[in-house]
Amino acid sequence: MSELHISQKIFDAIRAHGEETYPHECCGVLLGHSTGNGWRVDDAVRADNRRTDSAHNRYMIAPLELVKIQRQAAQQGLDIAGFYHSHPDHPAQWSPTDFAEAHWIGCCYVITAIAKGKAEVTNSFFLAGTTEEDKRFEQETITVAD
Ligand SMILES: [Zn+2]
């Protein structure tokens, strides 16, 4: 099983983001280093949820915004480790839409359940596989440390 290493500060920040945007989904990008068995997250960048049509149960990061985030990350020597979003009043499990729209194989997808405005469970799913055809989400361990 892969492992996601994240600092308490960043972990709290992505959960707080979900509380702030409730009842809409929040979304953002996780930056860090590959550990060979997952990722170490060094930064989290907030993104605008562009799904104004259905922001309570969908999220989308604009491609241009993602390119900008990726460029800035590269300047700091960081890679895109994955993405995070929230599930307002839904469990912290990936949805069929989350899976269909996940294309970053080898990256992690972090989901926080927000119940009535309060962050509850946070889970991370590693997108394993080699192609769109054999990709799959594998739940991974989140290690929160200072
Ligand atoms: Zn989702």
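Given the structure, is THR35 within 19 Å of LEU4 (Cα to Cα), out of contact with any Leu (no Cβ under 8 Å at 6 or more places or on another chain) and open to solvent by 20 Å² or more (accessible area, probe 1.4 Å)? Here the answer is yes, as THR35 does meet what is asked. For region 102-122, which positions are assigned to a strand (DSSP E or B) and either crowded, with 19+ Cβ neighbours inside 10 Å or without any contact (Cβ under 8 Å) to a residue 12 or more places away in the chain (or both)? The answer is CYS108, TYR109, VAL110, ILE111, THR112, ALA113, ILE114, ALA119, THR122. Within region 73-101, restricting attention to residues that are more than 10 Å from the ligand (Cβ to nearest atom) and out of contact with any strand residue (DSSP E or B) (no Cβ under 8 Å at 6 or more places or on another chain), the residue that is most open to solvent (accessible area, probe 1.4 Å) is GLN75. Does VAL41 fit the bill of being closer than 19 Å to PHE11 by Cβ and either free of Cβ contacts under 8 Å to residues at least 12 places away in the same chain or more than 16 Å from the ligand (Cβ to nearest atom) (or both)? Judged against the criteria, VAL41 is a match. Checking each residue in region 1-32 for being polar (S, T, N, Q) and either open to solvent by less than 30 Å² (accessible area, probe 1.4 Å) or within 11 Å of the chain's Cα centre (by Cα) (or both) picks out only SER2.
Each residue in region 107-122 was checked for being more than 20 Å from MET60 (Cβ to Cβ) and out of contact with any Ser or Thr (no Cβ under 8 Å at 6 or more places or on another chain), and 4 pass. Can you find even one residue in region 47-66 that is assigned to a strand (DSSP E or B), at pLDDT below 95 and closer than 25 Å to ALA119 by Cβ? Checked region 47-66: at least one residue is assigned to a strand (DSSP E or B), at pLDDT below 95 and closer than 25 Å to ALA119 by Cβ.
Just to be sure before I move on: is LEU31 part of a strand (DSSP E or B), more than 16 Å from the ligand (Cβ to nearest atom) and not acidic (Asp, Glu) in the structure I sent? It is true that LEU31 is part of a strand (DSSP E or B), more than 16 Å from the ligand (Cβ to nearest atom) and not acidic (Asp, Glu).
The values are calculated or read from the model by the stated rules, or taken from the named source; none is laboratory data. The structure presented is a predicted model; accordingly, all values stated were derived computationally and were not measured. Cβ sites come from the backbone with ideal geometry, for glycine too, and all protein chains shown count toward neighbours. Keep in mind that these areas ignore ligands, DNA and RNA; they rest on the heavy atoms of the full protein, side chains included. Shrake-Rupley method; radii C 1.70, N 1.55, O 1.52, S 1.80 Å.
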